[in-house]
Structures are given as structure tokens and as C-alpha cells.
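The values are calculated or read from the model by the stated rules, or taken from the named source; none is laboratory data. Since the structure is predicted, the reported quantities are computational estimates derived from the model, not experimental observations. Cβ atoms come from the backbone with ideal geometry, glycine included; neighbour counts cover every protein chain shown.
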Amino acid sequence: MNRIFSGVQPTGNLHLGNYLGAIRNFVRLQDRYDCIYCVVDLHAITVFQEPAELAASTREVAAAFVAAGIDHRRSIIFNQSQVPAHAELAWIFNCVARLGWLNRMTQFKEKAGKNRENASVGLYAYPNLMAADILVYKATHVPVGEDQKQHLELTRDIAQKFNNDFKTELFPLVEPLIMGTAARIMSLRDGRQKMSKSDPSDYSRINLTDTPDDIAQKIRRAKTDPEPVPDGSPAGGTPESRPEAFNLIEIYAALADLDHARVIATFGGSQFSTFKEALTELAVTTLRPINGEMRRLRAAPDHVDRILAEGAGRAAAIAEPILAEVQRVVGFVRRR
């Protein structure tokens with residue numbers, strides 16, 4: 001069976017966009033792939049994290065994985081820092097990757113902004129760690145969104161250069177797995193910005209830990225416009241001209257596993273007050289079991305820690321022989 005690797009950073013509340021855009025698909029991939037799902041806490045510290053908050057967020061992401069339906073007995077769930085092979089292989093890749101490759105990474109420019117000189121070395125080099133995350137398991141596929149394609153291309157470049165430099169075929173050229181059902185969920189306050197954990201307004205997102213009353217209030221206050229729900233006609237507008245309206249349609253379609261045309265056929269021309277009531281009911285019904293299980297797991301941190309530790313043991317059992325093979329190829333003398 002082909003192997004999937006994917007990771008989620010433990011940096012604050014997970015939200016509806018994380019669930020519909022990634023985690024729900026992680027659950028579905030279990031039926032077709034050998035899946036490894038990582039809470040990437042080493043990536044998180046490329047910018048400063050309060051230690052207690054980092055630990056809590058790590059457990060929360062793991063709880064969300066389990067609550068959403070990832071079976072920790074079938075798939076591997078662990079946090080990155082528990083498997084040292086990630087960091088060890090990342091250093092080797094630091095010596096394989098070229099500065100010119102990293103200079104082309106657009107996400108560093110976006111995250112560092114105007115303060116590039118004050119950014120951490122980790123933030124600059126973290127695409128090499130991302131490559132190590134994937135290749136230390138010889139993963140064959142990685143589910144990616146548009147903003148991660150460049151990093152996956154770098155992973156392929158590193159694998160190819162390593163193989164060429166050392167005249168080996170050790171690493172596979174990992175393939176992107178474009179999820180046809182992956183939803184692109186935008187902010188409830190600005191339909192042109194992705195729903196984000198870092199947005200200062202909690203009303204911009206629906207958190208997976210929100211209560212039904214929270215969800216209802218946020219959807220009721222979600223930004224729309226004076227026009228009715230788009231009806232599919234030219235007069236009904238486009239996603240470019242009415243981003244907030246179409247974002248709510250996207251959310252409904254994703255939650256209901258319907259295409260946009262079906263949602264528009266049902267609600268097109270109606271008032272947004274009516275549509276928001278239906279969307280609230282659907283969101284609450286869908287998220288209630290996930291929310292309840294997350295609350296149960298958050299109250300049992302020792303249980304979550306055991307899931308992470310057991311997953312780390314299974315991950316290390318895959319990674320360590322691959323790292324040993326890399327070290328032999330590179331020429332490191334190893335303890336017998």
C-alpha cells in the first residue's frame with residue numbers, strides 16, 4: 001500500500017477550514033493508504049511559542065485528529081519532536097539543498113515580511129525539515145493545497161539531488177495528492193482571506209471547540225451583502241464580485257458533501273437569513289460529535305499523551321532503519 005505523510009502545526013485553535021480542507025480528507029485516506037499523521041511541533045517553534053501553550057496545542061491537534069475519525073490503531077498519530085530522525089535527516093538535507101532553492105520559497109518571504117534579518121534560521125530552512133518529514137518514511141504521496149505545492153517540489157528536488165550525488169535510488173520522488181473534495185474555506189468576515197487561526201477576530205472562523213450557540217452566533221454575524229443568495233444566473237454575481245456570499249455556499253456544500261450547483265438550486269434567490277439558519281443547523285449537526293469527543297479528550301491529557309507516544313514508537317520503527325540507510329550511504333561511521 002502506498003504511504004501518506006501529512007502534518008498540522010500546533011499553533012492555536014483548529015477551525016472549520018482545517019477540518020474541511022484537510023482533516024476530513026485525512027480520515028478518508030485511511031481506506032486507501034498507509035497513513036502517517038504528524039503534529040509538527042518542530043515546525044511550530046520556527047517562531048517563538050509559549051511552552052505551555054505549545055504543549056496544549058499539540059494535544060489539541062492530536063485530539064482533533066482522533067475526534068474527526070482518524071483511527072490511531074490503524075494510522076499513526078504522533079508529534080514530530082518525539083522522533084529524532086526528523087531533525088537528523090533535516091541536517092543532512094541542509095547540506096544537500098541549495099541556497100538558491102530556498103531563496104525562491106515564497107512562504108518565507110510572506111512570513112518574514114519586512115523583518116527578514118530578524119527571522120529565525122529555522123523559519124528560513126524549514127522546507128528542508130518538511131522534506132525530511134516526508135522522506136524519512138519514504139512516503140509516496142502527500143495531500144497538498146495550492147500553498148504547499150512549492151515545498152513539495154523542493155522535496156522532490158532534494159530527493160533527486162541526494163540520489164544523484166550518492167548514486168543511489170534511496171528516496172522516492174513523492175507525488176502530490178490533490179484532493180478533489182478539499183474545500184477552500186474563507187474568513188466569515190472577509191471572503192477574500194482564508195479562514196485563519198491567526199486572525200485577531202474570533203468571529204472570522206468557526207473553531208472545532210465552539211459550542212452550538214457559538215456557531216449560531218458566528219454564522220448569523222457572518223458578512224454577506226444586501227442581495228439574495230446567488231441563483232446561478234449572471235445577475236446573481238460571481239465569487240469574485242460576491243466573495244462572502246459564495247464562501248457561505250462553499251461551506252454549506254462542503255459540510256453536506258454536495259456540489260455548488262445543488263446548493264444554489266436549493267437556496268438560490270432566498271434571503272440570507274433563511275440560508276444562514278439552514279447552514280447553522282448543518283454545521284452544528286456535523287460538528288457536534290467532533291466537538292464532544294474533543295472535549296472528552298481535552299479532559300484526558302494522559303490518554304492523548306499515550307496515543308502520541310504509541311504513535312511515535314511506530315513512526316520511529318519505520319524512520320530509524322531508513323535514517324540508518326541514509327547514514328551508511330553518506331559515509332557516517334555508525335556504532336555497531
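Quick rundown of the values:
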| read-out | value |
| --- | --- |
| Residue in the stretch 95-117 that is crowded, with 16+ Cβ neighbours inside 10 Å, among the hydrophobic types (A, V, I, L, M, F, W, C), in contact with a strand residue (DSSP E or B) (Cβ under 9 Å, 6 or more places away or on another chain) and touching a residue at least 12 places away in the same chain (Cβ under 8 Å) present | no |
| Flag if Thr46 is of a type in the set (S, T, N, Q), in contact with a strand residue (DSSP E or B) (Cβ under 7 Å, 6 or more places away or on another chain) and not assigned by TED's automatic domain parsing to the domain that holds Val284 | no |
| Test: residue in the stretch 274-284 that is more than 29 Å from the chain's Cα centre (by Cα), outside the structural domain of Lys138 (by TED's automatic domain parsing) and outside any helix (DSSP H, G or I) | no |
| Single match in Asp202, Asp231 (criterion: surrounded by fewer than 17 Cβ atoms within 10 Å (Cβ to Cβ) and either in contact with an Asp or Glu (Cβ under 8 Å, 6 or more places away or on another chain) or under 21 Å from Asn13 (Cα atoms) (or both)) | Asp202 |
| Selection within the stretch 177-202 - at pLDDT below 90 and not polar (S, T, N, Q) | Leu177, Ile178, Met179, Gly180, Ala182, Ala183, Arg184, Lys197, Asp199, Pro200 |
| Selection from the stretch 163-193 of residues that are under 17 Å from Ala245 (Cβ atoms) and surrounded by fewer than 16 Cβ atoms within 10 Å (Cβ to Cβ) | Arg184, Arg192, Gln193 |
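Matching residues to (1) at pLDDT 95 or above; (2) outside any helix (DSSP H, G or I); (3) buried (at least 19 other Cβ atoms within 10 Å of the Cβ):
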position	(1), (2), (3)
Pro226	no, yes, no
Thr238	no, yes, no
Arg306	yes, no, no
Ala319	yes, no, yes
Ile322	yes, no, no
Arg328	yes, no, no
